[in-house]
Structure formats: structure tokens, C-alpha cells
Amino acid sequence: MERRHQLRVAAIHDMSGYGRCSLAVILPVLSTMGIQCCPVPTAVLSTHTGGFEDVVIKDLTDYISPTLAQYKKLGIAFDAVYSGFLASTEQIDHCLDFFREYKDSLKIVDTVMGDHGKPYRTCTPELCKRMGELVNVADVITPNLTEAAMLLGEKYPVELTAAAARSWLARLCERVKVAVITGVPLADGVIANIGCDREQGGFWRVDCDYVPASYPGTGDIFAGVLTGGLLKGDSLPIAMDRATTFTQIAIKNTYSYGLEPRGGVMFEPSLSWLVNGNSACGFRKL
Ligand code: PXL
């Protein structure tokens, strides 16, 4: 058996050249946290699909299965398998194979399907429907509010009361150990990231400062930091706090310079926070 001294993650996600999302943010985040990230690209894109024309997309659906076969043959182990943006419905099956072959690894599914109440233009109804199959085998899921509503068959809400938020999390936690919903407008007027850990118990919220702009890739940064924190032994509220704080630092820096939103957030100058930054313990019970 291979001897290792470092955490290792397989990240099944797309690589978008411009726009700071998916592997382009997850790789640097996990590396900075001291974790080896092995990218398994689902597609290569010139830019992400949020607000650019003439996007060049190379679908890599036939890449994942042979890659998995080679890793198994080589005896390569992963502490976590993390899936994100998928380019075709077949890739659901390939992710299911990955999760089955690495059954003892932490299984993180970022249910990338849509935002602002609508599915992404690449996310077909069939893909949205089958995302539930990945949720059913996952340990940890990180939907945004749009995706949580889609998974639960709910209408996209204007806001959630604390009781409704706990109920949404509890319903997701019937299927997974840990559910985190990002960007939830709570009825007290605050947008929060909320989470539930079925085994440890408890519903948690980490409040976000309101910034009047929306940037792609922030969910990927959040999920990347959350994954790193959980792997390194953070409790769920501490991992949520770390991920929220880092994402907010990047959002606020970007906003302060008035940078074009579709370019994503300027996280690179703040990566050192992930090395030195302690959780500010900005979590509380939901
Ligand atoms: O961050 C979500 C995401 C990931 N990958 C691609 C996207 C998007 C959102 O638009 O287009 C290619």
C-alpha cells in the first residue's frame, strides 16, 4: 500500500481559461491549503458560460472512465473525490463509478446546476434530474439556493425563515451527512451560508456582508475551501466560516476595484490568508 504524507483530492470539474471558476480556482485554493489536487477535467472551456459569447467548449466525456481505470491500476489513493461542473449526462455515470471505486474517500458533490433561480445554459433538464443520483451517494453537498430548491422540488424562494431553512437542510441531510446551502436570504434580512451536520447535530449559519454585485466562481471557491477545511479536521461551522471569510475577502477586494464581474473574483493576492488565517468563529446556530 502506498505511504502518503499529504492529503490528496481528485477534483472532477471543468477547466475554464478565463473567468476564475471551477478547477482554475479549486487547484490554487487546495494547493495553498497544503492539499494535493488532481484535476479530472470534465470539459475545457475558453471562458465560463456566464456572460461570454463564442465560448469554445471541448467536452471530455470520454476522458473520465479511462482515467479512473488508470488510477485504480496504479493504486492511487484519494482522501476525497469531489465532483462539480459536468458537461454531459453520461458524466453522472462516470462520477458514480469514481465514487463507487473510491468508496472509503470523502465524497463531495458540488451540485453545479444553476444560479439566481435559473439553470445554467449547459445544464439540461436530464442532467438536473440525474444530479440527484450523485447527491444520493455523497457525504457532503454544497448547493446554492437555486440548486437546493431544484434538489428539493421547491420554488425558488425570495427568502427563507429560519424554520424553513432548517427544514430544507434537514431534508437534504436525509440523503447526505453534511449539507451546506450558500447565499440564502434569511427572513431577518441577512444573506447567510447555512449548514447541517447530521452526525454532529446542529444547524449553523455564517452571515455574509451584502455586496451589490454578483460574481461567478464564488461557489467554487467556497466549496474548495470547505473541502480543504473538512479534510484537515475542521468542524463544519469552522470550515463554513473559513470558506465564507475567504470568499468574502476576494469578493470585497474585487468590488473595491470595480472589476468586471464576469472575470470572477480577485482571490490570488489573498491566498496567503488560507495559510495563516484562523477561522474568525463568525458562525452561530441557525
Ligand atoms: O461556477 C459555476 C460554473 C462552472 N463551470 C462553468 C460555468 C459555471 C457557471 O457559469 O459556466 C463552465
query = Filtering segment 24-52 down to residues that are hydroxyl-bearing (Ser, Thr, Tyr) and part of a helix (DSSP H, G or I), which residue is least open to solvent (accessible area, probe 1.4 Å)?
reply = THR32
inquiry  = Against the condition of a type outside the set (Phe, Trp, Tyr), buried (at least 22 other Cβ atoms within 10 Å of the Cβ) and under 27 Å from ALA149 (Cα atoms), how does CYS95 come out, does it pass?
reply    = yes
key: Matching residues, segment 83-116, being of a type in the set (D, E, K, R) and either more than 13 Å from the ligand (Cβ to nearest atom) or more than 27 Å from THR182 (Cβ to Cβ) (or both)   = GLU90, ASP93, ASP97, ARG100, GLU101, LYS103, ASP104, LYS107
note = Checked segment 205-237 for anything aromatic (Phe, Trp, Tyr) and surrounded by fewer than 24 Cβ atoms within 10 Å (Cβ to Cβ); matches are TYR210
remark   = The residue from LEU134, LEU169, LEU160 that alone is of a type in the set (A, V, I, L, M, F, W, C) and more than 23 Å from GLN248 (Cα to Cα) is LEU134
ask   = Do the conditions hold for CYS21, that is, is it within 12 Å of the ligand (Cβ to nearest atom), buried (at least 21 other Cβ atoms within 10 Å of the Cβ) and hydrophobic (A, V, I, L, M, F, W, C)?
value = yes
task = Please verify whether segment 125-146 includes one or more residues that are without any contact (Cβ under 8 Å) to a residue 12 or more places away in the chain, of a type in the set (A, V, I, L, M, F, W, C) and surrounded by fewer than 22 Cβ atoms within 10 Å (Cβ to Cβ).
result = no
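Scan segment 32-49 and give yes if some residue there is over 19 Å from VAL81 (Cβ atoms) and touching a Cys at 6+ places or on another chain (Cβ under 6 Å), otherwise no.
Looking for residues that are over 19 Å from VAL81 (Cβ atoms) and touching a Cys at 6+ places or on another chain (Cβ under 6 Å), one finds at least one in segment 32-49, hence yes.
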message = I'd like to verify a number: residues in segment 206-245 that are within 16 Å of the ligand (Cβ to nearest atom) and either outside any loop (DSSP other than H, G, I, E, B) or touching an Asp or Glu at 6+ places or on another chain (Cβ under 6 Å) (or both), how many?
response = 11
task = Among residues belonging to segment 98-124 that are aromatic (Phe, Trp, Tyr) and open to solvent by less than 70 Å² (accessible area, probe 1.4 Å), point out the one that is nearest to LEU160 (Cα to Cα).
result = PHE99
query = Hey, ALA80 hits all of (1) open to solvent by 10 Å² or more (accessible area, probe 1.4 Å); (2) of a type in the set (Gly, Ala, Ser); (3) more than 15 Å from the ligand (Cβ to nearest atom) but one; which does it fall short on?
reply = (1)
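The values are calculated or read from the model by the stated rules, or taken from the named source; none is laboratory data. Quantities reported herein were computed from a predicted structural model and do not represent experimental measurements. Cβ: placed from backbone, ideal geometry, glycine included. Neighbour counts: every protein chain shown. Each accessible area value is taken on the protein alone, full model and side chains, heavy atoms only, with ligands, DNA and RNA left out. Shrake-Rupley method; radii C 1.70, N 1.55, O 1.52, S 1.80 Å.
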